[in-house]
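The values are calculated or read from the model by the stated rules, or taken from the named source; none is laboratory data. Just so it is clear, the model here is predicted, and its values are computed rather than measured. Using ideal geometry, Cβ is built from the backbone for each residue, glycine included, and neighbour counts are taken over all protein chains shown. Just so you know, the surface numbers come from the protein's heavy atoms only, side chains and all, with ligands and any DNA or RNA stripped out. Shrake-Rupley method; radii C 1.70, N 1.55, O 1.52, S 1.80 Å.
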Amino acid sequence: DGGITQSPKYLFRKEGQNVTLSCEQNLNHDAMYWYRQDPGQGLRLIYYSQIVNDFQKGDIAEGYSVSREKKESFPLTVTSAQKNPTAFYLCASSTPVGARNEQFFGPGTRLTVL
Amino acid sequence: KNQVEQSPQSLIILEGKNCTLQCNYTVSPFSNLRWYKQDTGRGPVSLTIMTFSENTKSNGRYTATLDADTKQSSLHITASQLSDSASYICVVSARGSTLGRLYFGRGTQLTVWP
């Protein structure tokens with residue numbers, strides 16, 4: 001899992017609650033990403049950050065929020081506005097964009113809404 | 001529209017046999033193509049990465065090929081082992097994107113039986 005940690009591994013949430021997923025990396029990477037993975041679908045980009053204190057929406061940002069106060073950390077908050085939050089969430093990081101910009105993934109957090 | 005299509009969706013083989021997974025893409029302009037292995041409940045791990053000028057890349061029993069003219073790639077697994085059971089994801093990167101934008105296939109679920 002290459003120096004990227006995600007916690008918790010499993011998370012249960014009641015409807016109407018906000019929850020925050022943790023992502024930490026010690027690879028000294030500038031860029032970090034959050035993806036959502038649903039059964040039978042490819043990974044979909046939620047948010048990304050290329051530098052500290054800056055982040056951009058991905059393809060499915062509605063109902064999610066992020067912060068990037070430190071280079072090592074990129075937490076994701078799943079808000080009550082997210083209509084179908086049950087999924088597997090993956091965090092990734094990469095070196096600055098280049099010809100071989102390779103993303104390293106964390107072990108994932110499985111979120112279940114009860 | 002930038003897309004990555006993988007086939008077959010699922011595959012079952014006997015231990016010790018070889019297999020080949022396919023990936024077709026329409027991503028343009030092309031930067032590089034990667035194959036990831038994802039064990040159930042874990043994050044994807046990179047197997048190979050190929051740029052436009054590379055048409056084959058090996059990593060142990062895994063050999064990836066790339067035909068940039070036909071926009072096709074394959075991943076060949078030799079002498080399969082039980083531990084090869086996983087989802088294999090083809091990922092294509094678009095050149096020129098400040099994000100280092102990645103396009104993900106839905107994956108091929110490989111099961112190796114003893």
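Tell me which of these B:Gly43 doesn't satisfy, since it passes every other one: (1) open to solvent by 20 Å² or more (accessible area, probe 1.4 Å); (2) free of Cβ contacts under 8 Å to residues at least 40 places away in the same chain; (3) outside any strand (DSSP E or B); (4) not aliphatic (A, V, I, L, M).
(1)
Name the single residue, out of those in segment B:46-88 being in contact (Cβ under 8 Å) with a residue 60 or more places away in the chain and buried (at least 19 other Cβ atoms within 10 Å of the Cβ), that is farthest from B:Ser28 (Cα to Cα).
First, the residues of segment B:46-88 that are in contact (Cβ under 8 Å) with a residue 60 or more places away in the chain: B:78-82, B:88.
Next cut, buried (at least 19 other Cβ atoms within 10 Å of the Cβ) only: B:80, B:88.
On the way: B:Ser80: 33, B:Tyr88: 22 Å.
That would be B:Ser80.
Output the residues belonging to segment A:1-37 that are open to solvent by less than 50 Å² (accessible area, probe 1.4 Å), in a loop (DSSP other than H, G, I, E, B) and at the interface with chain B (Cβ under 10 Å from one of its Cβ atoms).
Of everything in segment A:1-37, just one residue is open to solvent by less than 50 Å² (accessible area, probe 1.4 Å), in a loop (DSSP other than H, G, I, E, B) and at the interface with chain B (Cβ under 10 Å from one of its Cβ atoms), namely A:Gly2.
(1) at pLDDT 95 or above; (2) more than 13 Å from chain A (Cβ to nearest Cβ); (3) farther than 30 Å from A:Pro8 by Cα; (4) under 14 Å from the mean Cα position of the chain (by Cα): which one isn't true of B:Asn55, the others all being true?
So B:Asn55 meets the others, but not (1).
More than 13 Å from every other protein chain (Cβ to nearest Cβ), of a type in the set (Val, Ile, Thr) and within 13 Å of the chain's Cα centre (by Cα), is that true of A:Thr77?
Yes, satisfied.
Among the candidates B:Val27, B:Val92, which residue alone is out of contact with any Pro (no Cβ under 8 Å at 6 or more places or on another chain), open to solvent by less than 10 Å² (accessible area, probe 1.4 Å), outside any strand (DSSP E or B) and not acidic (Asp, Glu)? Please lay out each step first, then the result.
Values: B:Val92 fails: outside any strand (DSSP E or B).
Exactly one of B:Val27, B:Val92 is out of contact with any Pro (no Cβ under 8 Å at 6 or more places or on another chain), open to solvent by less than 10 Å² (accessible area, probe 1.4 Å), outside any strand (DSSP E or B) and not acidic (Asp, Glu), namely B:Val27.
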